[in-house]
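The values are calculated or read from the model by the stated rules, or taken from the named source; none is laboratory data. Note that the structure is predicted; figures quoted are calculated from it, not measured. Backbone-built Cβ (ideal geometry, glycine too); neighbour counts: all protein chains shown. Quick note on the areas: whole protein, heavy atoms, side chains included, nothing else; ligands and nucleic acids left out. Shrake-Rupley method; radii C 1.70, N 1.55, O 1.52, S 1.80 Å.
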Amino acid sequence: MSVRDDILGRLRRQLGRTDSTTLAARERVEATLALRQTGPRAAADALLDRFIERARAMISSVDRCATEAEVPAHCADWLRGHGLPTTVVVVPALAALDWAGAGLEARVGAATGDDLVGVTGCFRAIAETGTLMLCSGPQSPAVNSLLPETHIAVVPRQHIVADMEAAWAEARRELSAWPRAVNFVSGPSRTADIEQTIVLGAHGPYRVHLLIVG
Amino acid sequence: MVAPGSRGEVALFVTCLVDLMRPSIAFSALKLIEAAGYVAVVPEAQTCCGQPGYNSGDTAAARALARKFIAEFERFPYIVAPSGSCAGTVRTHYPDLFANEPEWRARAEALAAKTFELTQFLVDVAGVTEVPGDFSGSVTYHDSCSGLRELGVKQQPRTLLDRMPGVKRIEMRECEECCGFGGLFSVKYPDISGAIVQRKCDAIRGSGAYAVALGDLGCMMNIEGRLRRNGDELTQVIHIAELLAGDVGGQG
Amino acid sequence: MHFVSRVRQRLDDPELQRNLKRTRGRNAASRAAAVAAFPDFDAVRARATEIRASVLRDLDVWLERFEQKAIERGATVLWARDGDHACDLIIDIARRHGVRTVVKSKSMVSEEAGLNAALEAAGIRPVETDLGEYILQINDNEPPSHIIMPVIHKSKEQVSELFARVHGTAPKTDIEELTHEARAVLRPEFLGADMGLSGGNFLVAETGSVAIVTNEGNGRLCTTLPRVHVALTGIEKVIPTLEDLATLLRILPRSATGQAITNYVSMLTGPKQAGDADGPEHMYFVLVDGGRADLLGSEFEAMLRCIRCGACMNHCPVYQTIGGHSYGWVYPGPMGSVLTPLYQGLDKAMDLPHAATLCNQCGVVCPVSIPLPELMRTLREKQVERGLRPWSERIATKLWAWVAARPTLYALGTRVAVRYLRWLADGRDRIQVMGVAPGWTAQRDFPAPAAKTFRELYAERRRGGGQ
Ligand code: SF4
């Protein structure tokens, strides 16, 4: 007998399964999957304000601009204002913006270990916790929000949803193929392993800047 | 003021430790129950609720004593113990002991529903607003684990203490932390127990209170024993029943 | 070494005691603040408990369902009987893909299995990348002392000395500098490794995914950069839907560190897809039994709900006194006192279920409502049933119960006991050395009893003699 069958067999024995209870269990499982019951959820009002407040609480910085066309200039100003490099790696989804026009040296594609600033979009943003939801794919490699020391994320205002449940619902509706990686990012990477003292930039970005558009 | 004895009978479960070590606690409890307008009865054949056996894993022994306890106490409208851990045993663990004996389980549940820790009874059931004792001095209250987490005894003793004009109530830090008694734990793992009770003593002394009051004699002996071993002869360790009944001296 | 000697050693270690004191109560305070700021906490806790309990009721079917989805998405699902078997499977995977270096993010199952030692013996180099786990690995593979804060027992000075020795750098005691030094050492490891090994906080049946929560981002790096990703978890980790994940993520970080959410939550589903610029080419799940199946349907089933948040140890007076290493196996604190005897054998951990005051701080804070003290008590019961307790203890409880069932004898016994104790006290109000309970008087005085038992005094009062 394979180990798999042995383990499953023991689970069934422990549960005292018979054919009919197994059938009932399968029905329960399908019903649970169909029902997708939610637990207590976050409030669905004041999404923008809440998102900004929570994102800042997670030590993301937040800025706003009116249109997508202004994004490169905002990024450039912010980077210069913080004395950060103006060479950036941009996800393919944002390739069409005029990065060079804003004085940024932009490369479109997946980040490598040498890139210092990564610019990404986001699939959704979650007001409850100030969190970005990033789906990996050809247009949005996961490494761009991970390897660079600075991560700038463009957040269309209408992409801000109340909570993770709302974000999952929209992912199910909009995505034809489920992404390999869905990453929820709430501020810069951090650790408190030594003496429970929080230090930013453990392995991922030292800083996360959110630019809300609209 | 309710007429004495007008509110029916309350059976006092003295608890084995009080019987053996500090009878005065039981007398104080009787005084408080009577002052609340009840007739206090002490069933004579009572001994121990079975908790030591239960916590040692000797369920058979615990079950035998639980049967004895149920038979003795179930005829009373209320059962009161000056101990959160003994009342907790009856209220939360007796029904579990009889998981496979429906008849005994029903009796255990009926008994559990009318069993109370003393201050819980006085405040939640009797609605007492005045206590017979007076006491002058600062008091900090230690929340013993079973009373707090099995029975929800938290506000009741404080409410009653606040009724005593001479009491200045002070909260120690971490008043809900275990004192490290744990029944046989204190004897089986003295080193660990000693380190935990040391922290409790530090918290009590840190509060600056003249006395620490609490609702369980086991924890009391642990705390008092450690304070004295540390050379602290001044901090008073007082059972809440004695304090409320006015059976202990205050500060100056 | 015996539990009691391990404890003695830890209590006598001033450095450890200083380190324990520094963090004692801090996590509990963070959790309390997070709970106070989140009005739905109790409702979420109830729902989280229900989710975990409902999965266990149908664990066989949920696992099949998870496996089917994971396979559909191109992952390989392997089943391991126990830790050793899991090591064999992982070494096989590594050999098949020509792996020389494995970067690891935190996995308690890997600790259970002793994976690092097994990999090294097979000529494969494991590199721990969680800062805490990394510190332990370079300190001669020291075991963790906490399930989410593995080096809670260490001071920055100890870390500094270790880094200076191992990295050959100048000693530094600034925690930020230490952290960034580790980052610099580990970054090339991520970029060069052939395989990433992660644990898994949850397995989502709906999508066949593993969900991983981290703050450092090392979990993301381990599961994104190397060619091969292996997720190693216990078979109990399945949850039904993405909605359930959302619920559990509201309670796990709050219970663990008081965070509303961890910095990263990654949901990984299968290997790299057509057109993807990144991600592993191969993804494996290794699902470990290791004693879990036997708990299902038993009186210990509730323990399988555990989501490894660490709240129980953060609130345990015993853990906070003796530290995680005293417990002797990978899981410390209340959850360890239940799991160790269950996974390692009742007779291998005789003390753990007893070394607890049953104060129930742990049960109150557990996010999935596991009645930990009740489970420890049930383990005590099992020890008694199997005749594992010392005979003196068994006789003592039996005798106590026998006497307590006989009121007249009992009354006589207590009268004698009181007089004996008074004689020991010898006119003082306390006893300082007591032969029958040396453990008591080793640590504290034993207050002397009153002159007579309540029973005697009450009888006198009734006769009109007393009061
Ligand atoms: S037993 Fe409960 S509190 Fe302890 S780690 Fe598991 S889930 Fe957390």
Inset, instruction - Would you be able to say whether some residue in the stretch C:255-268 is in a helix (DSSP H, G or I) and within 16 Å of the ligand (Cβ to nearest atom)? - result: yes
Legend entry - Subset of the stretch B:163-181 (residues that are out of contact with any Ser or Thr (no Cβ under 8 Å at 6 or more places or on another chain) and facing another protein chain (nearest Cβ under 9 Å)): B:Glu174, B:Glu176, B:Glu177
Inset, instruction - Only residues that are at pLDDT 95 or above and facing chain C (nearest Cβ under 10 Å): list them for the stretch A:42-59, please. - result: A:Arg54, A:Ala57, A:Met58, A:Ile59
Legend entry - Single residue of C:Gly196, C:Gly217 found to be crowded, with 24+ Cβ neighbours inside 10 Å, free of Cβ contacts under 8 Å to residues at least 60 places away in the same chain and more than 16 Å from the ligand (Cβ to nearest atom): C:Gly217
Inset, instruction - Go through the stretch C:76-120 residue by residue and tally those that are among the polar types (S, T, N, Q) and open to solvent by 40 Å² or more (accessible area, probe 1.4 Å). - result: 1
Inset, instruction - Answer with yes or no whether C:Ala349 is among the hydrophobic types (A, V, I, L, M, F, W, C), surrounded by 17 or more Cβ atoms within 10 Å (Cβ to Cβ) and free of Cβ contacts under 8 Å to residues at least 12 places away in the same chain. - result: no
Inset, instruction - Please specify each residue of the stretch C:302-313 satisfying the condition of being more than 8 Å from the ligand (Cβ to nearest atom) and open to solvent by less than 10 Å² (accessible area, probe 1.4 Å). - result: C:Leu304
Legend entry - Failed criterion for C:Arg292 (all others in (1) of a type in the set (D, E, K, R); (2) more than 16 Å from the ligand (Cβ to nearest atom); (3) more than 11 Å from chain B (Cβ to nearest Cβ) hold): (2)
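With C:Val364, C:Val436 as the choices, which residue is among the β-branched types (Val, Ile, Thr), open to solvent by 20 Å² or more (accessible area, probe 1.4 Å) and within 16 Å of the ligand (Cβ to nearest atom)?
Testing whether each residue is among the β-branched types (Val, Ile, Thr), open to solvent by 20 Å² or more (accessible area, probe 1.4 Å) and within 16 Å of the ligand (Cβ to nearest atom) leaves just C:Val364.
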Inset, instruction - Could you tell me whether B:Tyr141 is in contact with a Pro (Cβ under 8 Å, 6 or more places away or on another chain) and more than 11 Å from chain C (Cβ to nearest Cβ)? - result: yes
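Select, from B:Thr129, B:Thr92, B:Thr47, the only residue that is touching a helix residue (DSSP H, G or I) at 6+ places or on another chain (Cβ under 8 Å) and either crowded, with 24+ Cβ neighbours inside 10 Å or not in a helix (DSSP H, G or I) (or both).
Just a single option satisfies the conditions, and that option is B:Thr47.
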Legend entry - Exclusive hit being basic (Lys, Arg) and within 27 Å of A:Ala127 (Cα to Cα), set C:Arg305, C:Arg227, C:Arg250, C:Arg292: C:Arg250
Legend entry - Selection count where residues are more than 18 Å from the chain's Cα centre (by Cα) and within 14 Å of another protein chain (Cβ to nearest Cβ), scope the stretch B:205-217: 1
Legend entry - So A:Arg10, is it among the basic types (Lys, Arg), without any contact (Cβ under 8 Å) to a residue 24 or more places away in the chain and either more than 13 Å from chain C (Cβ to nearest Cβ) or in a helix (DSSP H, G or I) (or both): yes
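Tell me, which helices (runs of 4 or more DSSP H) lie completely within the stretch C:1-120 with 1 or more residues that are closer than 17 Å to C:Pro332 by Cβ?
C:3-11, C:14-23, C:26-36, C:108-113
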Inset, instruction - Name the single residue, out of those in the stretch C:121-170 being facing chain A (nearest Cβ under 10 Å) and more than 24 Å from C:Lys21 (Cβ to Cβ), that is surrounded by the fewest Cβ atoms within 10 Å (Cβ to Cβ). - result: C:Tyr134
Inset, instruction - Would you check if there is a residue in the stretch A:65-80 being assigned to a loop (DSSP other than H, G, I, E, B) and open to solvent by less than 70 Å² (accessible area, probe 1.4 Å)? - result: yes
